[in-house]
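Enquirer: Supplied in structure tokens, the structure appears directly below.
The values are calculated or read from the model by the stated rules, or taken from the named source; none is laboratory data. Keep in mind it's a predicted model, so treat the numbers as computed, not measured. No Cβ is skipped: glycine too gets one built from the backbone with ideal geometry, and neighbour counts run over all protein chains shown. We work out accessible area using only protein heavy atoms, side chains counted, and drop any ligands, DNA or RNA first. Shrake-Rupley method; radii C 1.70, N 1.55, O 1.52, S 1.80 Å.
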Amino acid sequence: MPSTSRIQIKSAALENNVNFVRNLIGPDVILSAVIKGNAYGHGTHIIVPALEQYGVNHFCVYSSVEARDAFKYKSDNSTLVIMGYLLPNDYKWAIEKEVEFYVSDISELKQAISTAKEMSKKAIIHLDIETGMNRTGLGILQLKKSIPIIIANNKHLVIRGFTSHFAGAESIANHLRVKKQFSVFKKRVKLLNSRGIFADIKHIASSAATISYPDTRLDLVRVGILLYGYWPTQETFINYIHRRKDKSDPLMRAIRWCSNVISIKKVPAGEFIGYGLSFQAQYDMNTMLIPIGYCNGYSRSLSNSGHVIVKDHMAPIIGSVNMNMIIADITNIDNVQIGDKVVLIGKQGENEISFSSFAEMNNSLNYEILARLPMNIERIESNQD
Ligand SMILES: *Cc1c(COP(=O)(O)O)cnc(C)c1O
């Protein structure tokens, strides 16, 4: 889709990050790439084939809507798991295509069974066990109720997984809660096993737990943010390097968001620039116009405070971020011309605009900013600078 800016995905960075996680977890743990939210804003259509190239063949999405999208790009030997919601009409599709899915309450279990019966094909499910997050999952009463249902409908089900999710393994503040969740998980698994219900794999760890709680890796880890080159939190990073000699960041950011200069102006000292009175030129200025704004996901909070990179130099944004454009100061940067590449997020030369600096935000908001990158910005795969 043509757009006034482009999101560049560096597959070399993805390869680096896949190898990092692989080395960490070893050969016996399955690496499942979490690609919900349009692959954390990177573009499912680019991320799935790229990760497959680096040997990833297991993917997790949130909904059946995302699954239908991912299904178009994955190869036949890759597994796809829906960790959340299936539209009622999508059970049939999922079972038909052997897309695996979480069962988080009894009504979902019944829906899976009845659809599988109708189709004479087994539903491949992961039992989502509530362990203390109190969001989704079968609580102890529901779990006990579902046991006879599962046993009675054994021939319509493949129990592929027992699973749960930690409520915040990225912060030491949640340490006790995480520990408790893990012990509840093990107890529930024991209970199921004692009733003759077994799963092929057990999984509970996302990126943060994979790093900070190695014993929770079990048979499979569901890793999202690390693969894209970010730490869940600064704390998780520190936790990791704390145990290493080499203190450098082993991850590489896969994304770069670029646009181009479309106009250049000279503005004499004393003039106001853009809407209203928010910015007055204090000296004779050269400015450039870039055709992106808050309608493209470029935050208005960067008005008069953010930067972009052009010709390897940082250029401060002046005035407010408009719906479709921003203006930046290039008075001290030589030779900027119409058509030059402008980096909104990412690296050029020695300079980098990180998501964290992208609005004085802390790491945990990487998730939000990435996922909010609009779907209609063109994504391209390229390792070029
Ligand atoms: C998003 C998500 C993950 C991945 O989390 P990261 O912190 O990005 O690794 C894993 N499991 C579930 C259930 C999720 O919703």
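Enquirer: Within 10 Å, at most 15 other Cβ atoms, and a DSSP state outside H, G, I, E, B define an exposed site. Report the longest part of the chain free of exposed chymotrypsin sites (Phe, Trp or Tyr not before Pro).
Expert: 1-197
Enquirer: Compute the accessible area per residue over region 11-241, keeping the other protein chains in place, probe 1.4 Å, unit Å².
Expert: Value returned for region 11-241: 41 Å² of accessible area per residue.
Enquirer: Could you tell me the relative contact order of region 252-385? Use alpha-carbon pairs under 8 Å, at least six residues apart, and round to a whole percent.
Expert: On the way: 269 pairs, mean separation 33.6, N = 134.
So the answer I get is 25 percent.
Enquirer: In addition: Hull surface divided by four, with the convex hull built on the Cα atoms of the chain: how many nm²? Before the final figure, lay out each step's value.
Expert: Details: hull surface 84.5 nm².
The number I arrive at for the chain is 21.1 nm².
Enquirer: Let me ask you something else. Based on Cβ point charges of +1 for Lys and Arg and -1 for Asp and Glu, what charge dipole magnitude is obtained for the chain about its Cα centre, in debye rounded to the nearest 20?
Expert: Working: 43 positive and 35 negative charges, 352 e Å.
The dipole magnitude comes to about 1700 debye.
Enquirer: On a 0 to 90 degree scale, rounded to 10, what angle separates helix 175-194 from the longest Cα axis of the chain?
Expert: Between helix and principal axis, roughly 30 degrees.
Enquirer: Over region 107-182, with a single point scatterer placed on each C-alpha, what log10 of the ratio I(q)/I(0) does the Debye formula yield at q = 0.18, 0.23 1/Å?
Expert: Listed by q, the Debye log ratios stand at -0.74, -1.00.
Enquirer: Loop-only trypsin sites (Lys or Arg not before Pro) in region 208-256, please: DSSP not H, G, I, E or B, and at most 16 other Cβ atoms within 10 Å. List each step's numbers first, then the result.
Expert: Numbers: sites: R217, R222, R243, R244, K245, K247, R253, R256; in loops: R217, R243, R244, K245, K247, R253.
Answer in residue order: R243, R244, K245, K247.
Enquirer: Which residue, I9, A67, Y102, has the largest displacement toward the positive end of the dipole of region 1-140 when charges sit on each Cβ (Lys, Arg +1; Asp, Glu -1)?
Expert: Of the listed residues, the answer is I9.
Enquirer: Could you work out the relative contact order of the chain? I mean the mean sequence separation of Cα pairs under 8 Å and 6+ apart, divided by the number of residues, in percent. List each step's numbers first, then the result.
Expert: Working: 796 pairs, mean separation 75.1, N = 385.
Over the chain, the number comes to 20 percent.
Enquirer: In the chain, carbon and sulfur make up what percent of the accessible area (probe 1.4 Å)? List each step's numbers first, then the result.
Expert: Details: 9080 of 17800 Å².
In the chain, the share of accessible area belonging to carbon and sulfur is 51 percent.
Enquirer: Quick check on the chain: of the DSSP beta bridges with both residues there, what percent are antiparallel, nearest 5%? Don't skip to the answer; put the middle values down first.
Expert: Numbers: 29 of 60 bridges.
The answer is about 50 percent antiparallel.
Enquirer: Please list, by residue number, every one of the GluC sites (Glu not before Pro) in region 82-170 that is coil in DSSP and has at most 14 other beta-carbon atoms within 10 Å. Before the final figure, lay out each step's value.
Expert: Working: sites: E96, E98, E100, E108, E118, E130, E170; in loops: E98, E130, E170.
Counting only loop positions with at most 14 other Cβ atoms within 10 Å, the GluC sites (Glu not before Pro) in region 82-170 are E98.
Enquirer: Between region 318-345 and region 98-173, what is the C-alpha centre distance in whole Å?
Expert: Taking the Cα centre of each part, region 318-345 and region 98-173 sit 51 Å apart.
Enquirer: Got a sec? Charge dipole of the chain, +1 on Cβ for Lys and Arg, -1 for Asp and Glu; which of G196, I369, L344 is way out at the positive end?
Expert: Farthest towards the positive pole: G196.
Enquirer: Here is a further query. So, for region 255-353, what is the accessible surface per residue at a probe of 1.4 Å, expressed in square angstrom? Please report the intermediate quantities before stating the final value.
Expert: Details: 4770 Å² over 99 residues.
Accessible area per residue, region 255-353: 48 Å².
Enquirer: Students often get this wrong: which residues of region 242-267 have the backbone nitrogen under 19 Å from the point 7 angstrom along Cα-to-C-beta of T331?
Expert: Counting backbone N atoms under 19 Å from the label point, the list is 264-267.
Enquirer: Once fully extended, how much extra length lies between D312 and N193, figured as 0.36 nm per residue of separation less the alpha-carbon to alpha-carbon distance? Could you put the intermediate results ahead of the total?
Expert: Working: separation 119, 0.36 × 119 = 42.84 nm, distance 5.95 nm.
This chain segment gains 36.9 nm when fully extended.
Enquirer: Separate question: Convex hull over the Cα atoms of region 255-353, averaged projected area in nm²? Provide the component values of the computation, followed by the final result.
Expert: Details: hull surface 23.0 nm².
Value for region 255-353: 5.7 nm².
Enquirer: I'd like the orientation of helix 44-53 relative to the chain: the angle between its Cα long axis and the longest Cα principal axis, in ° from 0 to 90, rounded to 10.
Expert: Compared with the principal axis, the helix lies near 70 degrees.
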